[in-house]
Amino acid sequence: MKTATNKKETTAKTTTATKTATKAGVTKPKSDAASGLTELFEDGLKDIYWAEKALTKALPKMAKNATSQELIDALNNHLTETEGQISRLEQVFELAGQKAIAKKCDAMAGLIEEGNGILEETEIGVVRDAGIIAACQKIEHYEIATYGTLRQFAETLGMSEAASLLEQTLEEEKGADKALTIVAVNAVNFEAAEAN
């Protein structure tokens, strides 16, 4: 009798979950959707791996369009860091027993596209520099959120070495954001305001 009761409860729970998933407005998952934290973690790694690789192409373009030497230096320094972050991500993939594969990151693609739009919509000089800083800080904030989440996932999954590598990158992203703020506050934004 106990088995029959447990079977009925399980069937009822499954039926309720199915009904919930088919309610109006609830997104049906893809056939390869993550069903556990490990899969969600690995999917997040693929996403940020693509994002970092895309950023190695976007940062030089931003640096070429900047006029402030401090901004150019900050962008070039972060490019070097980004290349190291890609290498670190490859180590995390290895620790997770996975091949390093990139999966298009729609968020980063959109942020880079927005950055390109800022270049087209601003005159060369301090106003464009201010726009570049704004675009890059949006990217940094996305990366900070992503690395913070992935680090926490790694910790929860008991992957302390991976968590440590992700923490190192998280701190670099926070540092890049701070460096951009310093450039903006110390010169660029005031000069851009005077250009009005």
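Only one entry in Leu119, Leu157, Leu150, Leu170 is under 14 Å from the mean Cα position of the chain (by Cα), farther than 17 Å from Lys53 by Cβ and not aromatic (Phe, Trp, Tyr), namely Leu170. When His78 is tested against (1) farther than 25 Å from Glu155 by Cα; (2) open to solvent by 70 Å² or more (accessible area, probe 1.4 Å); (3) in contact with an Asp or Glu (Cβ under 9 Å, 6 or more places away or on another chain); (4) part of a helix (DSSP H, G or I), only condition (2) is not met. Annotation: Lys46 fulfils all but one of (1) within 19 Å of Gln152 (Cβ to Cβ); (2) open to solvent by less than 40 Å² (accessible area, probe 1.4 Å); the unmet one is (2). I'm trying to understand the selection: among the residues of the stretch 49-75, which are open to solvent by 20 Å² or more (accessible area, probe 1.4 Å), hydroxyl-bearing (Ser, Thr, Tyr) and farther than 15 Å from Leu111 by Cβ? Passing the criteria: only Thr67.
The values are calculated or read from the model by the stated rules, or taken from the named source; none is laboratory data. Just so it is clear, the structure is predicted and the values come from calculations on it, not from any experiment. All Cβ positions, even for glycine, are placed from backbone atoms using ideal geometry, and neighbour counts span all protein chains on display. SASA here: full protein model, heavy atoms, side chains in, ligands and nucleic acids out. Shrake-Rupley method; radii C 1.70, N 1.55, O 1.52, S 1.80 Å.
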